[in-house]
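Working notes, structure below.
The values are calculated or read from the model by the stated rules, or taken from the named source; none is laboratory data. Fair warning: this is a prediction, and the values are worked out from it, not measured in the lab. Note: ideal-geometry Cβ built from the backbone for every residue, glycine included; neighbour counts use all protein chains shown. Areas reflect the complete protein model, heavy atoms only, side chains present, ligands, DNA and RNA absent. Shrake-Rupley method; radii C 1.70, N 1.55, O 1.52, S 1.80 Å.
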Amino acid sequence: EKSKEGLTKAEEILTRLGVEPSEDDCIAVQHVCAIVSFRSANLIAATLGAILTRLKDNKNTPRLRTIVGIDGSLYKMHPQYARRLHKTVRRLVPESDVRFLLSESGSGKGAAMVTAWASRLADQTRQIAETLAEFRLTEEQLLEVKKRMRTEIQNGLSKNTQSTATVKMLPTYVRSTPDGTENGDFLALDLGGTNFRVLLVKIRSGKRRTVEMHNKIYAIPIEVMQGTGDELFDHIVYCISDFLDYMGMKNTRLPLGFTFSFPCRQTSLDAGILVNWTKGFKATDCEGEDVVSLLRDAIKRREEFDLDVVAVVNDTVGTMMTCAYEEPTCEVGLIAGTGSNACYMEEMRNIETVDGVEGRMCVNMEWGAFGDNGCLDDIRTQYDNAVDDLSLNAGKQKYEKMCSGMYLGEIVRNILIDLTKRGFLFRGQISETLKTRGIFETKYLSQIESDRLALLQVRSILQHLGLDSTCDDSIIVKEVCGAVSHRAAQICGAGMAAVVDKIRENRGLDHLDITVGVDGTLYKLHPHFSPIMHQTVKELAPNCNVNFLLSEDGSGKGAALITAVGCRLRQQEQKS
């Protein structure tokens with residue numbers, strides 16, 4: 001097919017093959033050769049075009065710039081082949097800038113390079129595995145976490161050690177779970193963030209027990225959150241007034257439960273002293289004061305209606321009570337969401353900080369602070385320390401920082417930064433996005449770890465976060481997320497195993513059947529957290545059969561149920 005000597009060569013070759021070609025024969029044969037080789041170049045170009053289009057789509061880029069390494073005698077020796085191939089590829093994939101580079105010694109030098117690459121990859125895989133091995137806790141380590149939790153529980157319950165205990169074991173003065181006889185209309189307030197909810201909960205006993213709820217959400221302006229205590233509680237009472245107007249119940253003195261999701265020291269069911277504000281609240285003259293008194297004073301100032309404030313409620317206790325209404329064996333509450341906490345029904349004789357030895361009382365563990373005395377330092381990693389150092393409450397809530405949704409994404413981000421610095425991720429380039437605290441929300445962890453998600457979708461999540469990743473990067477990121485959430489579920493399970501075993505021993509039982517009421521986004525939305533936690537509890541507390549029940553609206557419905565139980569017990573006491 002060479003342009004100048006092609007016909008001469010055709011005649012030579014055809015003569016060698018034993019035919020006597022005319023000039024027309026040579027032209028025809030040259031033409032046939034051109035058709036066959038042209039088709040070959042076109043077919044190769046079409047297939048290559050499909051691969052280049054795929055690459056462009058994978059990279060999600062408007063224009064692909066790439067190099068094709070190429071080898072083979074046809075490409076190298078044929079006078080027209082390379083030109084035709086290049087031209088057709090550019091025509092088929094116009095939005096690509098493609099360079100073709102001749103390979104030299106692909107089977108020799110190339111094989112050596114593949115071997116070197118495989119060796120580097122194996123070394124990289126080993127180093128990543130070593131990094132993540134710190135997050136894979138053995139059964140022995142988990143049993144040790146359980147044992148230490150038991151020690152801290154005891155410290156929190158004992159009068160002599162309670163003041164210095166990390167797990168505070170706060171009495172809630174909730175002395176009973178619902179028994180089904182609760183009846184009436186109850187008001188519930190839910191204050192725990194920038195929104196404030198007022199609910200009317202109608203509880204009906206009898207054969208067909210029902211709970212009917214009506215609620216309204218009100219915003220709390222920042223100037224109210226950070227103004228005076230009177231302004232904040234006046235705003236709360238204004239919202240209650242609006243809700244009672246809305247429900248047409250201004251003239252009824254309703255019993256009220258107040259879910260107040262801030263650190264509180266309760267001295268009775270209807271008295272809670274605010275230890276300190278969190279979550280951006282800074283209202284003055286509230287810390288060290290009884291929040292129920294502040295609410296009652298604000299109701300008096302308005303002079304429009306009266307309410308019977310029966311209970312200050314912790315949302316973890318509300319979670320337990322909501323489930324206990326449906327399932328009488330529920331005597332434990334667990335929050336596994338943005339934060340982490342648990343509560344359970346403890347024997348009065350063991351709660352040395354409260355008078356009385358008869359019956360039981362729900363204890364709010366405040367277990368997020370487990371480890372603040374250094375007892376978990378041997379299983380904490382450099383990444384846990386980095387997250388703690390940069391948090392708003394450095395040195396506090398160490399257990400919570402290892403197993404709650406608010407911090408898992410930050411642990412993942414710190415590991416990814418380290419792996420990128422070591423050249424294992426994102427081509428060794430630490431993007432501005434990766435430097436940004438808080439980008440890895442729990443919902444992304446849940447999505448990345450979903451078994452239904454292909455790597456392409458994992459990549460799209462990472463690209464949405466501004467992280468330009470390859471498929472290999474996506475595999476590593478998924479592995480990192482898995483290691484961090486697996487450990488979180490395991491240590492949460494170890495804590496729960498300590499609680500249920502304590503209840504079993506309290507009651508002198510060889511075997512305990514018990515239900516845990518659970519709430520929280522991590523437990524509800526993460527694809528693997530709950531099964532791993534359940535399995536850990538089963539392995540670490542083999543003499544307990546633990547059933548987990550999802551709670552609905554512990555801070556609203558739960559508050560109303562605590563109020564209802566409080567009213568029932570109060571009536572019983574008045575009768576006796």
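Exactly one condition in (1) open to solvent by less than 50 Å² (accessible area, probe 1.4 Å); (2) part of a loop (DSSP other than H, G, I, E, B) is not met by Asn160; state its number.
(1)
Can you tell me which residues in the stretch 539-561 are assigned to a helix (DSSP H, G or I), within 17 Å of Leu334 (Cβ to Cβ) and in contact with a Leu (Cβ under 9 Å, 6 or more places away or on another chain)?
Hits for the stretch 539-561 are Leu540, Lys557.
Can you pull out every residue in the stretch 187-201 that is open to solvent by 10 Å² or more (accessible area, probe 1.4 Å) and under 14 Å from Val313 (Cβ atoms)?
Step one: of the stretch 187-201, the residues open to solvent by 10 Å² or more (accessible area, probe 1.4 Å) are 190, 192-195, 197.
Within the stretch 187-201, Asp190, Gly192, Arg197 qualify.
Which is in contact with a Phe, Trp or Tyr (Cβ under 7 Å, 6 or more places away or on another chain), part of a helix (DSSP H, G or I) and closer than 28 Å to Ala129 by Cα, of Val477, Val484, Val499?
None of the others qualify; the one that does is Val484.
Go through the stretch 332-354 and give me each residue that's more than 12 Å from Gly558 (Cβ to Cβ) and either hydrophobic (A, V, I, L, M, F, W, C) or in the same structural domain as Lys443 (by the TED database) (or both).
Correct list: Val332, Leu334, Ala336, Ala342, Met345, Met348, Ile351, Val354.
Condition check: in contact (Cβ under 8 Å) with a residue 12 or more places away in the chain, assigned to a loop (DSSP other than H, G, I, E, B), open to solvent by 10 Å² or more (accessible area, probe 1.4 Å) and over 25 Å from Asn276 (Cβ atoms). Does Glu304 satisfy that?
Answer is yes for this residue.
I'm checking my understanding of the structure. Among residues of the stretch 330-342 that are in contact with a Leu (Cβ under 9 Å, 6 or more places away or on another chain) and in a loop (DSSP other than H, G, I, E, B), which one is farthest from Leu549 (Cα to Cα)?
Top of the filtered list is Thr338.
Give me the residue from the stretch 214-229 that is out of contact with any Ser or Thr (no Cβ under 8 Å at 6 or more places or on another chain), part of a strand (DSSP E or B) and open to solvent by less than 70 Å² (accessible area, probe 1.4 Å) and, out of that set, farthest from Gly554 (Cα to Cα).
Here the answer is Tyr218.
Checking Asp418 against (1) closer than 30 Å to Pro542 by Cα; (2) open to solvent by 10 Å² or more (accessible area, probe 1.4 Å), which test does it fail?
Of (1) closer than 30 Å to Pro542 by Cα; (2) open to solvent by 10 Å² or more (accessible area, probe 1.4 Å), only one is false for Asp418: (1).
Quick grid of which residues meet (1) in the same structural domain as Thr316 (by the TED database); (2) under 20 Å from Asn314 (Cα atoms); (3) more than 35 Å from the chain's Cα centre (by Cα); (4) of a type in the set (Val, Ile, Thr):
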position	(1), (2), (3), (4)
Gln226	yes, no, no, no
Leu232	yes, yes, no, no
Gly248	yes, no, yes, no
Gly272	yes, yes, no, no
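From Met361, Met345, Met321, which residue is part of a helix (DSSP H, G or I), open to solvent by less than 30 Å² (accessible area, probe 1.4 Å) and closer than 23 Å to Gly257 by Cβ?
When all the criteria are applied, what remains is Met321.
Quick test for you: out of Lys279, Lys250, pick the one residue that is open to solvent by 10 Å² or more (accessible area, probe 1.4 Å), in contact with a Leu (Cβ under 6 Å, 6 or more places away or on another chain) and either touching a residue at least 40 places away in the same chain (Cβ under 8 Å) or assigned to a loop (DSSP other than H, G, I, E, B) (or both). Write out each step before concluding.
Details: Lys279 fails: in contact with a Leu (Cβ under 6 Å, 6 or more places away or on another chain).
Result: Lys250 is the single residue among Lys279, Lys250 that is open to solvent by 10 Å² or more (accessible area, probe 1.4 Å), in contact with a Leu (Cβ under 6 Å, 6 or more places away or on another chain) and either touching a residue at least 40 places away in the same chain (Cβ under 8 Å) or assigned to a loop (DSSP other than H, G, I, E, B) (or both).
Within the stretch 23-39, does at least one residue satisfy the condition of being open to solvent by less than 40 Å² (accessible area, probe 1.4 Å) and modelled with pLDDT under 90?
No; the residues of the stretch 23-39 include none that is open to solvent by less than 40 Å² (accessible area, probe 1.4 Å) and modelled with pLDDT under 90.
Kindly list the number of the only condition in (1) in contact with a Gly (Cβ under 7 Å, 6 or more places away or on another chain); (2) closer than 14 Å to Phe233 by Cβ; (3) of a type in the set (Lys, Arg) that fails for Lys279.
(2)
Which one is modelled with the lowest pLDDT, of the residues in the stretch 500-519 that are among the acidic types (Asp, Glu) and crowded, with 20+ Cβ neighbours inside 10 Å?
Asp519
Only one residue in Leu425, Leu467 is more than 20 Å from Leu132 (Cα to Cα) and in contact (Cβ under 8 Å) with a residue 40 or more places away in the chain. Which one?
Unique residue meeting the criteria: Leu467.
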